[in-house]
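Participant: Below you'll find the structure I mean.
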Amino acid sequence: MPRLRTRRQARITRWLAGLIMAALALPYAARAVDAGLQRQREQFAQAYTEAQRGDPGWVRAARGLRDYPLYPYLEAAWLLHDPDSDDAARVRAYLAHYGNLIPGREVRRAWLDALIRQRNWTRYLEFYAPHLGSAYDCRALQARVELGGTLAYDGRFETLWLRPRLPDACAALLGRAAEQGLLTPARLWARIELAVRAGAAGTVKQTAAWLPASQRAGALRLALALDDSASALAGAAQWPDTEHARQALVLALTRRARADADAARAAWDALRGHFNLDTSQRDRVEAALALFAATSLEPGSLQALAALPDAAQNALTRAWRVRVALARGDWQAVLTAVRAMPRAQRENNEWRYFEARALAKLGHKAQAEARWRALARSPTYYGFLAADRVRRDYALCPRDPPTSAAALAAVLADAGLRRAFEWYALNRLTHARREWDDALPGLDAAQRYAAAVLAHRRGWVDRPIFLLDQGENLRDYSLRFPLAERRQVLRDARDAGIDPAWVYATIRTESAWVSNVRSGANAIGLMQLLPVTAAQLAHRDGLPWAGADSLVDPGVNIRFGTRYLAHLADRFGGQWLASAAYDAGPQILQHWLDARPDLPADVFVATIPYAETRSYVESTLAFSVIYDWRLAQDPVRISARMLPAGDAYRVPDAQVPHAAVGCSVADLAAQGGTSLPEPLPAPPARGMPAPTASVAVPAPAENRR
């Protein structure tokens, strides 16, 4: 027996030793895999550069890369270097393997463009494939006509024709359609109507050229109303009172009202007797004039909005009726305007909040508090404001569902996502997003969630934000509100003297963590800075400045962005005002402040004329609460971030009111949830008792000690 025990012990010892050795070997194995992958990336980068510049040495540089996810891009780069070559066999062979991939589609488009330049219609049809874009669809139809076929107004042509905008490549096809008599006046006017609704003046002008001469002027008046409403109104007194002239007049007036409500009103007063508009047209004009006068808070705008008949009302006129009443401090008018809304609009959180605000102002405090308590179950800007009104905890109900192993395996095996992750690893973010977007339609819900989790783990934190944007996924706070670049944000916020939660919220609102994004106005990077603004900050604060392209670097962008926030906070005081200036511009904000300097913060935000800026301020405030919770567990109350105009900015500290965070069964139900978070203890808010009717929400994992 002793010998048996000894043998058993020896076997156990050997088994444990083997297990330990295997465990110890795992990091080395992982490092070996990583090193191999890194070598492939370096090899690919060299081969890709050579292929892009037309160096046949790319083939030698690419040896051993057949199993590398981005291998299809190598030959594509070579073929794209000289798309006018006549190597049809090689292109055909490449497309047979990779034609459905992004690089394959790029090669096909370039090859088709070359064939068009050569006017090789036969080969164009041989290589054409659908879903490449309208330009290629138009040329495919044109190719059939050029080869002796006929064009019919059905199928593909009709689909193209009923698009309000088409690329220039379609002009030849449309000309052929006109020659064959397919573009009847009825079909021409149908397209013009679509283009007018889309604001496509160029399409209206193009289409008008094929109308009978007697009808052309009517279409061109519509184009002028879209292009230059002031010029259209200046000449409208000489227009005939026809159907299309009346349509152009209404269009010009409603567009002019947006830019200059007073000028539009003067034009309407001068022209209304010249045209026999129907009731609906008159209502549209009056609604536009009242609405855009209201956005400037002009005298009489509240009465004008209230006087609009029901048929002339829309969601915007009803909303601005409330906003003007708020700006006037007329709480009875606020209550009346909210209650005049259709039920669906009235149930919006904004109007629920201000209905309660009006009730409280009018002495109905119990009704107001009941409404605020119900609204406080929503983890949103207005939900947080309502919670502050009744001094209750913030209803943050995070969820962290397990990721399906099968879904994760499917994501790791998906060739498109593997290409996306490789481009991300190579810091080619635009390529990475294209592959990601191309792969998503092929994933089910579990796989999409697994893809979001995997992207987050790999540091690609913007992908979950765009993917998890509805339903219960809205409660995936760790994925939707990442604490990326944490050391940088905390250091730069401290150096600039502002709250890091505000910096995080600004990044989240501005770019959703897409570091290389550029706006149409050339605002760049995480905090969407204009190069001219960064240059001015560099000069003022003595910061190193390497030009506009450096703003794509998160470190540079955050450093300059925090300094700009601090500059605006020094000038305007409250976080909410600085955020408004960050979005709309300091001069515009100053104009708004001069017009209504004494409004409470919540009312001022609600009456910001620009919908984009209004939404921006609300988002940054709400996101500040969420990021403050992610950073410090007990967030500063949103009302403490909304100091009165004129107060100096100060970083929130322990002395300002903080909120406890909890999640009751009722909170969860209101947010569409099915199970409570784990009831782990979380510290109560500073200076306030922990809630007793809810489950304390655990701090985010990366904040636990």
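Read the figures in this text as sums done on the coordinates, not as results from a lab. Treat the numbers as computed from the prediction; the structure is a model and nothing was measured. Every residue, glycine as well, gets a Cβ built from its backbone with ideal geometry; the counts of neighbours run over all protein chains shown.
Participant: Between Asp598 and Ala406, what is 0.36 nm times their sequence separation minus the Cα-Cα distance? Round to one decimal in nm. It would help to have the intermediate numbers written out before the result.
Facilitator: On the way: separation 192, 0.36 × 192 = 69.12 nm, distance 5.82 nm.
Gain on stretching Asp598 to Ala406: 63.3 nm.
Participant: So, one more: How high is the FRET efficiency between Ala611 and Leu426 when r is their beta carbon distance and R₀ equals 35 Å, given to the nearest 0.05?
Facilitator: On the way: r = 39 Å, r/R0 = 1.10.
That gives a FRET efficiency of 0.35.
Participant: Pull out the extension gain between Val665 and Ala190, defined as 0.36 nm times the separation in residues minus the alpha carbon to alpha carbon distance; nm, one decimal.
Facilitator: Numbers: separation 475, 0.36 × 475 = 171.00 nm, distance 5.39 nm.
Answer, rounded to one decimal: 165.6 nm.
Participant: Could you work out the pair-distance distribution P(r) of the stretch 184-277 from its alpha-carbon pairs, with 5 angstrom bin width and percents rounded to whole numbers?
Facilitator: Percent of pairs per bin, in order: 3, 15, 27, 24, 17, 10, 4, 1, 0.
Participant: Could you point to the residue in Val250, Ser515, Gly646 farthest towards the positive end of the chain's charge dipole, with +1 and -1 charges on the Cβ of Lys/Arg and Asp/Glu respectively?
Facilitator: Among Val250, Ser515, Gly646, the one farthest towards the positive end of the dipole of the chain is Ser515.
Participant: Beyond 52 Å, what share of the Cα-Cα pairs of the chain is found? Please give it as a whole percent. Intermediate values should be presented prior to the final figure.
Facilitator: Numbers: 64907 of 248160 pairs.
Roughly 26 percent, once rounded to a whole number.
Participant: Going by how many other Cβ atoms sit within 10 Å of their own, how do His81, His456 line up, fewest first? Please report the intermediate quantities before stating the final value.
Facilitator: Details: His81 16, His456 21.
In order of increasing Cβ crowding within 10 Å: His81, His456.
Participant: Normalised by the residues of the chain, what does the relative contact order come to in percent, with Cα pairs under 8 Å and at least six apart?
Facilitator: Values: 895 pairs, mean separation 51.2, N = 705.
Once normalised by length, the contact order is 7 percent.
Participant: Something else about it: What is the set of long-range amide H partners of Leu529 at a cut-off below 5 Å, with H atoms built 1.01 Å from backbone N?
Facilitator: Ile524
Participant: Within the stretch 388-449, which trypsin sites (Lys or Arg not before Pro) sit in a loop by DSSP and count at most 14 neighbouring Cβ atoms inside 10 Å? Intermediate results must be reported in sequence, preceding the final value.
Facilitator: Working: sites: Arg389, Arg391, Arg392, Arg399, Arg418, Arg419, Arg428, Arg433, Arg434, Arg448; in loops: Arg391, Arg392, Arg399, Arg428.
The qualifying sites are Arg391.
Participant: May I pose another question? What is the magnitude of the charge dipole of the chain about its Cα centre, with +1 placed on the Cβ of each Lys and Arg, -1 on the Cβ of each Asp and Glu, and no other charges, expressed in debye to the nearest 20?
Facilitator: 2180 debye
Participant: With each run of n ≥ 4 DSSP H residues scored as -39500 (n - 2.57), what mean residue ellipticity at 222 nm is computed for the chain after dividing by its residue count and rounding to the nearest 500 deg cm²/dmol? Provide the component values of the computation, followed by the final result.
Facilitator: Numbers: 38 runs with 445 residues, N = 705.
Result for the chain, helices only: -19500 deg cm²/dmol.
Participant: Quote the charge dipole size of the stretch 392-493 about the Cα centre in Debye, to the nearest 20; the model charges only the Cβ of Lys and Arg (+1) and of Asp and Glu (-1). Walk me through the numbers before you get to the answer.
Facilitator: On the way: 16 positive and 14 negative charges, 66 e Å.
Roughly 320 debye for the stretch 392-493.
Participant: Oh, and also: What nm value, rounded to one decimal, do you get for the distance between Leu162 and Asp653 when each label is placed 7 Å out toward the C-beta?
Facilitator: 6.6 nm
Participant: If you don't mind, another one. Which ³J(HN,Hα) values in Hz, rounded to whole numbers, follow from the phi angles of the stretch 657-671 under the Karplus curve 6.51 cos²θ - 1.76 cosθ + 1.60, where θ = phi - 60° and Gly and Pro get x?
Facilitator: x, 10, 10, 6, 10, x, 9, 8, 4, 5, 4, 4, 4, 5, 9
Participant: Moving to a separate point now. Non-local amide H neighbours of Tyr394 (under 5 Å, H modeled in plane, Pro and chain starts lacking H): which ones?
Facilitator: Answer set, sorted by chain and number: Ala660, Val661, Gly662.
Participant: Set the Förster distance to 41 Å, then compute FRET efficiency between Asp82 and Asp260 from the Cβ-Cβ distance, nearest 0.05. Working shown, then result.
Facilitator: Numbers: r = 54 Å, r/R0 = 1.31.
It comes to 0.15.
Participant: So for the chain, taking the charge dipole from beta-carbon charges (+1 Lys/Arg, -1 Asp/Glu), which of Met527, Leu291, Pro309 sits furthest toward the positive end?
Facilitator: About the Cα centre, the residue reaching furthest to the positive side is Met527.
Participant: Given axes a ≥ b ≥ c from the Cα gyration tensor, I'd like to know whether the stretch 472-561 is rounded (a/c under 1.5), prolate (a/b larger than b/c) or oblate.
Facilitator: Working: a/c = 2.49, a/b = 1.47, b/c = 1.69.
Here the stretch 472-561 falls in the oblate category.
Participant: Turning to a different aspect of this structure: Counting Lys and Arg as +1 and Asp and Glu as -1, each charge on the Cβ, what is the dipole of the stretch 184-277 about the Cα centre in debye, to the nearest 20? Numbers along the way, then the final one.
Facilitator: On the way: 12 positive and 8 negative charges, 54 e Å.
The dipole of the stretch 184-277 has a size of about 260 debye.
Participant: A follow-up question, please. Of Arg39, Arg630, how do they rank once you tally other Cβ atoms within 10 Å and put the fewest first? Before the final figure, lay out each step's value.
Facilitator: Working: Arg39 11, Arg630 22.
The most exposed by this proxy come first: Arg39, Arg630.
Participant: Follow-up. What is the distance, in nm, between label points placed 7 Å from the Cα along the Cα-to-Cβ direction at Arg216 and at Ala538?
Facilitator: 5.3 nm
Participant: For the stretch 184-277, build the charge dipole from Cβ charges (+1 Lys, Arg; -1 Asp, Glu) around the Cα centre, then report which of Ala201, Leu224, Ala237 sits farthest towards its positive end.
Facilitator: Farthest towards the positive pole: Ala201.
Participant: Going by how many other beta carbons lie within 10 Å of each one, how would you line up His131, His567, His244, fewest first?
Facilitator: Details: His131 8, His567 21, His244 18.
By the 10 Å Cβ count, ascending, the order reads His131, His244, His567.
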